[in-house]
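Peer 1: Have a look at this one.
What follows draws every value from the coordinates through simple rules; no lab data is involved. Since we're looking at a predicted model, the values are computed, not measured. Glycine also receives a Cβ, built like all others from the backbone with ideal geometry; neighbour counts cover every protein chain displayed.
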Amino acid sequence: PPSEPPKNGHHDLIVVANRLPVDRKVAADGTTSWVPSPGGLVTALEPVMQRNAGAWVGWSGSAGEAPEPFEARGIRLIPVMLDEREVEEFYEGMANSTLWPLYHDVVARPQFHRSWWESYEQVNQRFADRAAAEAAPNALVWVQDYQLQLVPQMLRRLRPDLRIGFFNHIPFPPYELFAQLPWRRRVLEGLLGADQLGFQRPADANNFLRACRRNGLSTRRGMVQLPGEPRFGSPDHHPRREVNAAAFPISIDARAVQELAERPEIQMRAKEIRRELGDPRVVLLGVDRLDYTKGILHRLKAVEELFEDGDLEAQDAVLVQVATPSRERVDQYQKMRQDVEVTVGRINGDYGKIGHPAVHYLHQAYGRDELAALYLAADVLLVTALRDGMNLVAKEYVATRYDEGGALVLSEFAGAANELPQAFLINPHDIDGMKAQIMRAVHVTPKEAQRRMRAMRRRVFDHDVARWASTFLKVAASAVEPNAVASVS
Ligand code: GDG
């Protein structure tokens, strides 16, 4: 019998991301279940997913387990399985120990291992196969982030009818760094399987376009021109395909963040936090995943010196540093955790007073409520990333401050600096400069603080995550180009 043509799925919009928006929950009796964990991306996509029979393809976050597809808030969740070895080689290896440091200006040394790359290809293929099986004819598939850069090309090969978008949440590095990657051409070809590529900043899109040119492709006004494969019988008729690369700075659900902050119990909690800290005059705050890209050690150095110089005093000023546990099985993260903890210990040893530590270091994950209260309680938020795609913490702080109070110290090397130039901008490598800006933020007049905060709030509320998603989806959906597979010479 003739083999059956591959069956299409029935989803018109599919998000493909490394992680599913779920968390694993273990009950008292040992049974596991999966509960939705609505982050910004899901919240933004929820309405459009519900309207378009949307599905989300991703990994559940634990090895060897793939629950059956299930429905959460009108979105079909489709788990992809990773085994123990793939978690090590694809996720902790290629994604988090090669691409992550390479794409963040090599602030840590990237490791290159051929077996990791093989695993990366295999896992990308699994995600592509799954998405291909679930997509309705001419569906729109939106692939997310650096873990899945090969998926666009793989998908196009399987399903030339699809429209494919890709968004990179982290920076795209300058070619001089990207060129270190032994599989750089494969990555470019993988990405060029998409119709629309999105990056956080124009500079990231430009880095990508330059990498294409350095690999023999021509680009014009953000479009990469792909020579198609010559068609039999018409050697001079080369079907062409164009791939657009542009900036789509991601954002947050600003209104939801503000609504949370306006709740009376959150405001009470903010006051209570200040009391529990001993009613200091100045509360400095940092909220980061414990990651070497976030510049936590640089920040601690600046704060340590401010205590040393007497600009800050422990009875009077305190730094609260929330450092959410992250990627704890990766060596570089274990090393950095040790460095941070030794440094915090030293600062408290040298400058703390009984009942008044200089730094409150919290290696814990908090609920959204407590984070909102912390943002409200803080006089100055410190975002000192050495490199960061966007940094949503900065935007959350701004959205929280409906009182138009508070000051934001923000690294130039975070994507958010492009949109929030009214922050106290810093170069985290320039410790003296950073100290000076922190002190300006500490001493800013209420009027000046309000002027800056107002401008930043306008930006964040006008450009929220719903607008980000709909803008991207609109351009990606309008792609109707002849199909050709990218080949980079
Ligand atoms: C990547 C890029 C880009 C943090 N601690 C807790 C907690 N968080 C939340 C924050 C914020 C999110 O996690 C962190 O987002 P960031 O943007 O700051 O940083 P990455 O995790 O590195 O994200 C980044 C982002 O992707 C989006 O494209 O902006 O540049 O690196 O929302 O609030 N949330 C809870 N408890 C915590 O303890 N509930």
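Peer 1: Tell me, what HN-Hα J-couplings in whole Hz come from the Karplus equation 6.51 cos²θ - 1.76 cosθ + 1.60 at θ = phi - 60° for each residue of the stretch 302-316, using x for Gly and Pro?
Peer 2: Here the 3J(HN,Hα) series is 4, 5, 4, 5, 5, 5, 4, 6, x, 5, 10, 10, 4, 6, 10 Hz.
Peer 1: Scan the stretch 53-158 for trypsin sites (Lys or Arg not before Pro) in coil per DSSP, keeping those whose Cβ has at most 16 other Cβ atoms within 10 Å, and list them by number.
Peer 2: ARG73
Peer 1: Still on this structure, I have one more. At R0 = 45 Å, how high is the FRET efficiency between GLU65 and ASP432 if r is their beta carbon distance? Nearest 0.05 is fine.
Peer 2: With R0 = 45 Å, the Cβ-Cβ based efficiency is 0.35.
Peer 1: Please work out the C-alpha center-to-center distance from the stretch 328-389 to the stretch 49-105 and express it in whole Å.
Peer 2: Result: 28 Å between the Cα centres.
Peer 1: Using 7 Å Cα-to-Cβ label points, what is the ASN215/GLU84 separation (nm, one decimal)?
Peer 2: 3.5
Peer 1: I would also like to ask the following. List residues of the stretch 462-481, by number, whose backbone nitrogen lies under 18 Å from a label position 7 Å along Cα→C-beta of ARG255.
Peer 2: Only 462-471 pass the distance filter.
Peer 1: Based solely on its DSSP helices, what 222 nm [θ] is calculated for the chain when runs of n ≥ 4 H residues each add -39,500 (n - 2.57) and the sum is averaged over all residues, nearest 500 deg cm²/dmol?
Peer 2: Numbers: 17 runs with 193 residues, N = 489.
Value at 222 nm, helices only: -12000 deg cm²/dmol.
Peer 1: Under 5 Å between amide hydrogens, which residues at least 5 positions from ILE252 or on another chain qualify, with H placed 1.01 Å from N in the peptide plane?
Peer 2: HN-HN under 5 Å from ILE252: VAL465.
Peer 1: Let me ask something else. Quick one: Cα convex hull volume of the chain, Å³ per residue?
Peer 2: 163
Peer 1: While we're looking at this one, here's another question. Across 10 Å bins from 0, what is the distribution of all Cα-Cα pair distances for the stretch 247-364, in whole percents?
Peer 2: It works out to 12, 36, 32, 19, 1, in whole percents.
Peer 1: Using modelled amide H (1.01 Å from N, peptide plane; none on Pro or chain starts), what sits under 5 Å from the amide H of VAL320, excluding residues fewer than 5 places away?
Peer 2: Result for VAL320 returns LEU284, LEU285, GLY286, HIS360.
Peer 1: Moving to a separate point now. Which length gain, in nm to one decimal place, applies between LYS271 and SER326 when the Cα-Cα distance is subtracted from 0.36 nm times their residue separation?
Peer 2: 16.9 nm
Peer 1: Still on this structure, I have one more. For GLU118 and ARG263, what does the FRET efficiency come to when R0 = 45 Å and r is the distance between their Cβ atoms, rounded to the nearest 0.05?
Peer 2: For GLU118 and ARG263, the calculated efficiency is 0.35.
Peer 1: Here's another thing I want to ask about it. Roughly how far apart, in whole Å, are the Cα centres of the stretch 420-438 and the stretch 107-138?
Peer 2: 38
Peer 1: Spin-label point model (7 Å from Cα, Cβ direction): what's the ARG451 to GLU176 distance in nm?
Peer 2: Placing both labels 7 Å along Cα→Cβ, they lie 3.8 nm apart.
Peer 1: Separate question: Figure the gain on full extension for ASP279 and TYR366 (residue separation times 0.36 nm, minus the Cα-Cα span) and round it to one decimal in nm. Walk me through the numbers before you get to the answer.
Peer 2: Details: separation 87, 0.36 × 87 = 31.32 nm, distance 2.18 nm.
Fully extending the segment from ASP279 to TYR366 adds 29.1 nm.
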